[in-house]
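The values are calculated or read from the model by the stated rules, or taken from the named source; none is laboratory data. In this text, all values refer to a predicted model and were calculated from it rather than measured experimentally. Here the Cβ is made from the backbone with ideal geometry for all residues, glycine too, and neighbour counts use every protein chain on show. Side chains included, ligands, DNA and RNA excluded: accessible areas come from the protein's heavy atoms. Shrake-Rupley method; radii C 1.70, N 1.55, O 1.52, S 1.80 Å.
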Amino acid sequence: MSANGVKLPVSAQPNTGPAGHSAPSKVTLHLGHLPSKKDIKGPWPRTPTRIDPNNPPWPAYRGYHEYSFAHATMGVRLPTILGKAIDDTFRTLNEQSSEDKVVDLVQCIERMDVLMTDLSGNAKLRPIIDDGEADVALWNKEIAKFFQGKDFMNAPWLFAEAYKYRRLHEAFSVSKHWADYDVFYRQKCDTFSRSSDAVFELSMRFAEPFSLGEHLSPAERLEAERLMFLELTQVCLWGNSTDLSLLINMTEEQIKSLQSTGGEHLAATEKNILGNHLPQVWDTVRELRHKTGGRIDFVLDNAGFELYCDCVYADFLIQSGLATQIRFHGKRFAWFVSDVTKKDWEWLLNTMVYGHLFPNVTEQERESLRRLGQRWKQYEREGKWVYEQHPFWCTGYTFWDLHSEAPDLFLHLSRSDLVFFKGDLNHRKLTYDCAAPASTPFDVAIGPMASAAGAPKICSLRTIKSDVVVGLESDELAEKLDNEEDGWKISGKYAVVLLSEGRPGEKVRFA
Ligand code: F6P
Ligand code: MG
């Protein structure tokens, strides 16, 4: 058959016409005068008519997908993390004296054991017990509407993983004495104390309010400010590569190298930012002074060292006058091991001012940390820094549903001039954690967070630690890394800095 010909089946059975003549079973057409065949790429990989938590805009990652990080996480990492949490609770148990509290804590451990059995036995996802928390209705509505009969492995990974952390919280929240217990608290404090080199590298530079030098012309000042902005954005970005859930087995040396904040290192790491909107982010921020006065929000990720980097960056934004107010959004309870809670926030600021975490440092270094902490606490008193904790951040919903499930939060964020989302999990939630092509533009990947009226400008500062990757110039770049570098999506070596312009200033509307 020539390239221009096509065989069309006339019928599966030989056809015998009224006159008894046998028709041929195939008719051959010659299509030489039609346009030649084109190399058409299929739509990737489908366009669902309905998007919901069980049907993301592109296929979801699920625990049983052996090719994805979901599989290792659900099957190995989460049980390991839970096992460590149980060990931590035993340690606390051994420190107690009151019988009432001991018995109460033993029951918490029993509930954690049940969770371990459910997780390793791949049980179905049951509703969350009403423990009086503000998020219970959101959890149970989502389970009833989208995940009836689903289990840990066949529910979308994002939901199943978040659910595990909510069940862990429930093990304590229904108790009498231990409702606020944080099984990861000790580990979170440890990361900061183990990060001394990078901590003092920054505190020694920023203890004193910085000045750009009186002798500079306005243009030179702006340039100096731009360079500082770019360096500190990278400090804030790479502070995310050291989250506890992945670094449990890392040596001190490996952590130090990941945390290196030296200028040369930063220049070298910029090439690892695979989708890089840093120049656009600077253009946005430098305008703020002249426009609205500048409210910047941080949807925080991890406590300890990462939070410290976030605060150094936020301090620069305030001191430079680029922003007048920073709002930090944290979690209400222990979440994905290392995420910031109110207690972690307070701990950091207080340990900087009053603590003795670093026995081997000079008095000068200790003083630098103290001054930095004092300044940050002063920002809080003056209302320049505000810490918040909306219940929506600890639900299984992605941020595609923030507009519909937490309208008050959407409205609140819409009043911000720029919202930074830190880290891997926030990025997964922005992008619905699904297999979108790597070249999908960021504002397409985040759906209503970019397209809804009033959506704020959003910047994702994320080191890549899981499967979803968007905002790259081409799919080929991701394919090349797939072929050449095993594990590039989970190493934290690569990053993205992606900006969505949103629809700021438009009136927010809800259906
Ligand atoms: O368990 C996987 C995960 O959710 C990944 O997204 C990431 O590796 C980690 O946990 C959390 O990372 P981050 O603290 O940057 O959100
Ligand atoms: Mg985290």
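Can you tell me the Rg and Dmax of the stretch 402-511, counting just the alpha carbons, in angstroms?
Answer for the stretch 402-511, Rg first and Dmax second: 14.7, 47 Å.
If R0 is 51 Å, what FRET efficiency do you get for residue 100 and residue 55 from their C-beta distance, rounded to 0.05?
After rounding, the FRET efficiency stands at 0.60.
If you keep only loop residues by DSSP, which chymotrypsin sites (Phe, Trp or Tyr not before Pro) in the stretch 149-227 have at most 16 other Cβ atoms within 10 Å of their Cβ?
210
Ranked from the most accessible area to the least, with a 1.4 Å probe and all protein chains present, what is the order of 491, 211?
211, 491
Taking a probe of 1.4 angstrom, what is the accessible area of residue 382 in Å², to the nearest 10?
90
Roughly how many nanometres apart are two label points built 7 Å out from the Cα toward the Cβ at residue 144 and residue 64?
Here the answer is 2.7 nm between the modelled labels.
Sorting 489, 84 by accessible area (1.4 Å probe), largest first, what list results?
Descending accessible area places them as 84, 489.
Rounded to whole Å and ordered largest first, report the semi-axes of the equivalent ellipsoid of the stretch 75-131 derived from its Cα gyration tensor (root of 5λ).
Working: eigenvalues 112, 46, 10 Å².
Value: 24, 15, 7 Å, ordered largest first.
How large is the dipole of the stretch 94-226 about the Cα centre if only Lys and Arg carry +1 and Asp and Glu carry -1, each at its Cβ, rounded to the nearest 20 debye?
Result for the stretch 94-226 is approximately 600 debye, rounded to the nearest 20.
What is the spin-label model distance, in nm, from residue 484 to residue 291 if the labels are put 7 Å beyond Cα along the C-beta direction?
Output for this residue pair reads 3.7 nm.
Express the Stokes-Einstein translational diffusion coefficient of the stretch 128-218 in µm² s⁻¹, to the nearest whole number, given a Kirkwood radius over alpha-carbon pairs, 10 °C and a viscosity of 1.306 mPa s.
Values: Rh = 17.6 Å.
The Stokes-Einstein estimate is 90 µm²/s.
With a cut-off of 8 Å between alpha carbons and a minimum separation of six or more residues, what is the relative contact order of the stretch 369-436 in percent?
Relative contact order of the stretch 369-436: 30 percent.
Tell me which GluC sites (Glu not before Pro) from the stretch 161-243 have a DSSP coil assignment and no more than 14 other beta carbons within 10 Å of their own.
214
Find how much the distance from residue 30 to residue 230 grows on full extension, using 0.36 nm per residue of separation minus their present alpha carbon separation; answer in nm with one decimal.
Gain on extension, residue 30 to residue 230, equals 65.8 nm.
Might you work out the accessible area of residue 274 for me, using a 1.4 Å probe with all protein chains in place, and round it to the nearest 10 Å²?
30
Rounded to the nearest percent, how much of the accessible area of the stretch 355-511 (1.4 Å probe, protein heavy atoms only) is carbon and sulfur?
48
Just to make sure I understand: if all protein chains stay in place, what is the order of 197, 104 by accessible area at 1.4 Å, largest first?
Largest accessible area first, the residues go 197, 104.
Hey, which of these cross-link pairs are over 20 Å Cα-Cα: 145/331; 124/465; 188/343; 141/422?
With Cα atoms farther than 20 Å apart: 145/331; 124/465; 141/422.
Which residues among the stretch 476-511 fall inside the zone where the amide N is under 13 Å from a point 7 Å beyond the Cα of residue 280, along Cα→Cβ?
497-503
Based solely on its DSSP helices, what 222 nm [θ] is calculated for the chain when runs of n ≥ 4 H residues each add -39,500 (n - 2.57) and the sum is averaged over all residues, nearest 500 deg cm²/dmol?
Mean residue ellipticity, 222 nm, calculated: -13500 deg cm²/dmol.
Hey, what do the phi angles of the stretch 480-496 turn into as Karplus ³J(HN,Hα) couplings, whole Hz, using 6.51/-1.76/1.60 and θ = phi - 60°, x for Gly and Pro?
Taking θ as phi minus 60°, the curve returns 4, 5, 4, 6, 9, 9, 4, x, 5, 7, 10, 7, x, 7, 9, 8, 9 Hz for the stretch 480-496.
Which one, 385, 232, 469, projects farthest toward the positive side of the charge dipole computed for the chain from Cβ point charges (K/R +1, D/E -1)?
Going by the Cα projections, it comes out as 469.
Between residue 475 and residue 501, how high is the FRET efficiency from 1/(1 + (r/R0)^6) when r is the Cβ-Cβ distance and R₀ = 35 Å? Nearest 0.05.
Working: r = 23 Å, r/R0 = 0.66.
Rounded to the nearest 0.05, the efficiency is 0.90.
Return the whole-Å distance between the Cα centroid of the stretch 384-431 and the Cα centroid of the stretch 444-464.
10
What distance in nm lies between label points placed 7 Å from Cα along the C-beta direction at residue 219 and residue 193?
Distance between label points: 5.2 nm.
Please calculate how many Å² of accessible area the stretch 136-207 carries per residue, with a 1.4 Å probe and no DNA, RNA or ligand atoms counted.
Values: 2400 Å² over 72 residues.
Solvent-accessible surface per residue comes out at 33 Å².
Determine the percent antiparallel among the DSSP beta bridges restricted to the chain, to the nearest 5.
Around 45 percent antiparallel, to the nearest 5.
Dividing the convex hull volume of the Cα atoms of the chain by its residue count, what figure in Å³ per residue is obtained?
Details: hull volume 111.9 nm³, N = 511.
Output value, Cα hull per residue: 219 Å³.
Pairs of Cα atoms under 8 Å, at least six residues apart: use those to get the relative contact order of the chain, whole percent.
15
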